[in-house]
Every structure is written in C-alpha cells, then in structure tokens.
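The values are calculated or read from the model by the stated rules, or taken from the named source; none is laboratory data. Being a predicted model, the structure only gives us computed values, none of them experimental. Note that we place each Cβ from the backbone using ideal geometry, even for glycine, and neighbour counts take in every protein chain shown. For accessibility, only protein heavy atoms count, side chains too; no ligands or nucleic acids. Shrake-Rupley method; radii C 1.70, N 1.55, O 1.52, S 1.80 Å.
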Amino acid sequence: MAVNTSPESPLPVGEVSRLIGGWIDRLGAVWVEGQITQLSRRPGAGVVFLTLRDPSYDISVSVTAYRQVFDAVADVVSEGARVVVLAKPEWYAPRGQLSLRATEIRPVGVGELLARLEMLKKALAAEGLFAPERKKTLPFLPQLIGLVCGRASAAERDVLENARHRWPAVRFEVRNVPVQGVHAVPQVVQAVKELDAIDDVDVIIVARGGGSVEDLLPFSDEQLVRAVASCRTPVVSAIGHEPDTPLLDYVADLRASTPTDAAKKVVPDVGEEYERVRMLRDRARRCVEAFIDREERGLAHALARPSIEDPHRMIDERADHVASLLDRGRRCLGHHLDRAESELTHTHARVVALSPAATLKRGYAVLQRADGHVVRDPGEVAADEALRARVAEGEFSVRVDARNDARNDARSDA
C-alpha cells in the first residue's frame, strides 16, 4: 500500500522496515527452485544457512532452515545441488535483510532435470533455433579461433595442442570461465558475446570435459542457447564425451563429440592438406601428360596420312591424267579447227564464186543511175541519160543512145 510522505513528514527507518516486513508477510509460503551456492552448518547450531541462486541469472537469496529440516536431505544435498524449497519470506527488520525460512527441502532428481530439459528442448526447437538452415558453414582455414573453456583445463589443452599440431600457424583468443557451478552460465554467455564481437574471430569453440548431468547443466541453459543462436560467428560445441548431448549441441553450428574432435573438425591438418595438394598436383600432371600424349598420337596419326606425308603425291598422280586430258583436248580442238577451216574454205570458195565481183570478172557490168539504183530494164532509162557502168576493175560513165529508146518503143508496141 502506498504511504503518504513528504520532506516535512518523513517516515523513520524503523517504520519503513516494519512496513516492508508487513508487505512481505502477506506473500505467504512459496515453492522456490535454485542452486545451493553456500552451505553453512555450524556444529551445535539449530539453524542451517544456505544461499540459493538462480543458475541463469546473477540473483541469489539467503535461506535458513532448522537443522531437522535440513538433516532430512543432508545426505543427498551439498553445494552446487539443485533443490526445491518450500519457504516463507521473512524480513529481518534490524538489518533490513530479506531471507527465506525453509520448512521443506527437496532435491531435484536427475530424471526431473532431464524431463525439464526435454521440455525446454521442444520449446526451443518449436521456435526454430535448432533448424538446419540456421547453421553457418565453418571456414576452411580459420586464422583466429575463439575458445571458451575452463582455466588450465584438459579441454583447453586438448584443443590447443591438437589444433597447433595440425596447423602450427593457427591463433587462439581464449576466454577462461567457470564451466560448472552457479557462475558458469553468465560468464560463458559473456565470453561468447565478447568473442562474437571481435571481427577477426572466424569461429568460436565452447569446450568442456566430461561430467555428470548436473555438471553439464549450464550448457543446457536457455540463456546460453539463445546467446549462441544470435551469434554471427559460427559456434562449435565440444561438451563432454560422445554420449553427452546438452542443448548447446543442438543450437551450435557444429557438434564435436570431444574437445579433441573439435580441434580436428575446425583446423585442417597441414600434413593431410599437403598430401591432398600433392595428390591433386600429381593427378593434374597425369591429366596433362595424358592429354599431350593423346594429342601427339593424334598428330602422328594425322601426319602419317598419305595426304599429309606426301602432299604432292595426289598432284603427281593426277598430272599424267591432266596431261592426257590436255593433249586430248588439244587434239579435239585441232580437229574442230581443221574441220571448221575446211568448211570455211569451201564456203569462201562458194561465196567467191557466187559473188558479183566474180560475175564482173567474167565480163559483165552493172549499170547504175545517178541516184545509185541499178538498171534492170531498158525502160527504166531515158534517151541521152548518163549512167555509170561498174566492171571488175573499176567503173566509168556511159550515156543512153536515142536508138535505144526507139527500139524500146517498138518493143512496147509489139
């Protein structure tokens, strides 16, 4: 409930503490789940003090329990264990401190933890965080690898030694964090985010050795799973041994069965790559040599052909035939020319014999009038008309006699 106060009428500290205590008393008993981070059992004391922490967030609360309440589970509960506590919130007014008074403590069994993890797994899978299409491809040869692991742990040694043995030039950016316990989740999440923010980091490996289900619980935490899902850098999960499958394995871009396996999958082996290059080079050389041999055989086969080996052979073989055809053509042409010449001679003789000039040579003459018309009939000329007479050797002028007209008239009368 709100309290009316002002600078002129403030509440005393005791009154404020009393009011807070009253509000907290109204809450009543609640069931609370958390992880025991501190456990104090003083000999002879009737009260056991615990610190209960949320494993996903940096939040903790003090818990007190009577010895008989804690002794019921003392054999199965220790620091780091997960428990469910039925407790009533209490406010210690003199110190202004909140705590929980536990009336019942129940350890969280492995079966219950696995059932919760399975429910969380289904929920995250339904969101698509484990979908294969979200997986990023790892680079062939990473230049800088981010490594999240425990300080001086076997997992760190396995990753570093195996990676540098496979490729000595590889570099690491290591973040040593707790890999189990109450501080594991926030520090692993922070380390992953720091490495993801470094542009030069090509891939991130989260590595841890084997352990119990409880030891590996931080790597199934929802906060860590979502942090890895949002990374832009490929993440490799190398948690525990082959049978161990925390939820980090499902969201990571690549799962390695062990830290050693992670080093082998992330870093190529320089010897294997050199051998692969040598094999590819030999294969390429064999392919080139085979191609050259094939082309040389094809060229030799082409050069062995008669047309290439002796290119003038066909010409020489055809030369006699061409000469024979040429001679035959010449003979045929000669025969045609001779026959044509003979025909031309005979034709010329006939033409000469039938020509007017030949007639004139036999003593005939051709009379032409002044206009050039040939006189064929005596009636065509008049008395004393000048005519031209053409003979074989030339021409001369003549004149028509008057007696000729009289004879022509008499002939007409007759």
**Study point:** Given (1) in contact (Cβ under 8 Å) with a residue 24 or more places away in the chain; (2) over 20 Å from residue 398 (Cα atoms); (3) of a type in the set (Lys, Arg), index of the condition residue 318 fails
**Key:** (1)
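Outside any loop (DSSP other than H, G, I, E, B), modelled with pLDDT under 95 and open to solvent by 10 Å² or more (accessible area, probe 1.4 Å): does that describe residue 190? So that I can check it myself, show each step before the final result.
Values: outside any loop (DSSP other than H, G, I, E, B): yes; modelled with pLDDT under 95: yes; open to solvent by 10 Å² or more (accessible area, probe 1.4 Å): yes.
The answer is yes for residue 190.
Specify the residue that is nearest to residue 268 (Cα to Cα); the eligible residues are those in the stretch 129-149 that are part of a loop (DSSP other than H, G, I, E, B) and in contact with a helix residue (DSSP H, G or I) (Cβ under 7 Å, 6 or more places away or on another chain).
Within the stretch 129-149, the match that is nearest to residue 268 (Cα to Cα) is 142.
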Point to revise | Selection within the stretch 354-395 - part of a strand (DSSP E or B) and exposed (fewer than 10 other Cβ atoms within 10 Å of the Cβ) | key: 394
Study note, to complete from the structure: Picked from the stretch 68-88 (must be out of contact with any strand residue (DSSP E or B) (no Cβ under 6 Å at 6 or more places or on another chain) and not hydrophobic (A, V, I, L, M, F, W, C)), the residue nearest to residue 223 (Cα to Cα) is 80
Revision key, fill the gap. Exactly one of 411, 331, 403 is open to solvent by 100 Å² or more (accessible area, probe 1.4 Å), modelled with pLDDT of 85 or more and assigned to a helix (DSSP H, G or I), and that one is 331
Practice item. Return the only residue of 151, 226 being among the basic types (Lys, Arg), closer than 18 Å to residue 247 by Cα and open to solvent by 30 Å² or more (accessible area, probe 1.4 Å). Key: 226
